[in-house]
1. Of all residues being at pLDDT 90 or above and more than 11 Å from the chain's Cα centre (by Cα) in the stretch 218-239, which is nearest to V67 (Cα to Cα)? Just the residue, please.
2. Being without any contact (Cβ under 8 Å) to a residue 24 or more places away in the chain and over 20 Å from E131 (Cβ atoms) is the filter; apply it to the stretch 156-184 and report the residue that is nearest to the chain's Cα centre (by Cα).
3. Please count how many residues of the stretch 21-59 are exposed (fewer than 13 other Cβ atoms within 10 Å of the Cβ), within 23 Å of the chain's Cα centre (by Cα) and farther than 22 Å from A194 by Cβ.
4. Which of the strands (runs of 3 or more DSSP E) found entirely inside the stretch 66-122 contain at least 1 residues meeting this: modelled with pLDDT of 80 or more, crowded, with 18+ Cβ neighbours inside 10 Å and under 13 Å from the mean Cα position of the chain (by Cα)?
Amino acid sequence: MIDKKSEIPIYIQIQAEIKQNIENEVWKVGAAIPAERHLAEMFHVSRMTVRQAIQGLVDDNVLQRRVGAGTFIAEKKLTERLEAVTSFTNLMRQEGKTPSTRIVSYGIKPASTQEQIALQLPKNSNVMKIERIRYGDLVPILFEVAAIPEKIASLLTKEDITHSLYHAIESNIGQPIGEAEQTMEAALVSERIAPYLDVKVGSPVMKLKQITTLEDGRPFEFTRSQYVGSRFQFVARIK
C-alpha cells in the first residue's frame, strides 16, 4: 500500500511493492510486469513516478527490459565460484538449470600468435577453433570462442564439443583436468555478439580469458568468453 504522507519517497515504496509481489510469486520470474499505465493506475501515481521506480529496479537487476517486448522479472544470476575448475555443464546442473549449447562455427584453423603463446604451440601450428553459445534453461548465458590444439581436437567429435568438452577430454586422453588461469575485464557487447546473447548492442558483459591445463601441466584449451552481466556473477574466495 502506497502512503503518500510517508517520508519514504513514493518511487521507493513502489519498488518495495514490486519486490514483494515477486517474493510472493504474484509475478513469476521471467514473466512480464504490467505496463507503466496499468502500474500508474494500480498505485494511483503518475507514469513518471512509475518509470523512476522501474528504472531503479532495472539498474539493480531485479527487472530486465527487452527491446520491443516490455519489462520482465529478471532471472536470478547464476554464480561461478572461482575455487576450482568446473565445466559449464556441471555448473548449470549445480544451479538446477538444464545446460545446452549451440555451435556457431568450428573447424581447424591456423593458430593466432595469442593462441600459440597460450597453448605453448610452435609456429605454424593449427587449432580447432569453436564458437558456441552456452545456455541455461534455454537462456543464453555466454558466447565462447575456444581454441584447442589440433592433436587433442582430433580425438573429439562434434557431439563432444556440443555437450561436455571437459568430460570428453578426460575420457579420450585419460588424464584429469588440472588448473586454469583466468583473466577478467568488464566490456560492452559488440554488434556481432549481441544477437547471440539476446541483449542490446552495448550491454555490459564480463570478458573472461581462460587457459586450462591437464593434470600434467599441458594446456589444452584457450577460451575467450563473454558472459551476460545481468545473468551471471563470479564469486572469489580469498584465503
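The values are calculated or read from the model by the stated rules, or taken from the named source; none is laboratory data. Just so we're clear, the structure is a prediction, and the values are computed from it rather than from any experiment. No Cβ is skipped: glycine too gets one built from the backbone with ideal geometry, and neighbour counts run over all protein chains shown.
1. Selected residue: R224.
2. That would be E170.
3. Result for the stretch 21-59: 3.
4. Correct list: 99-110.
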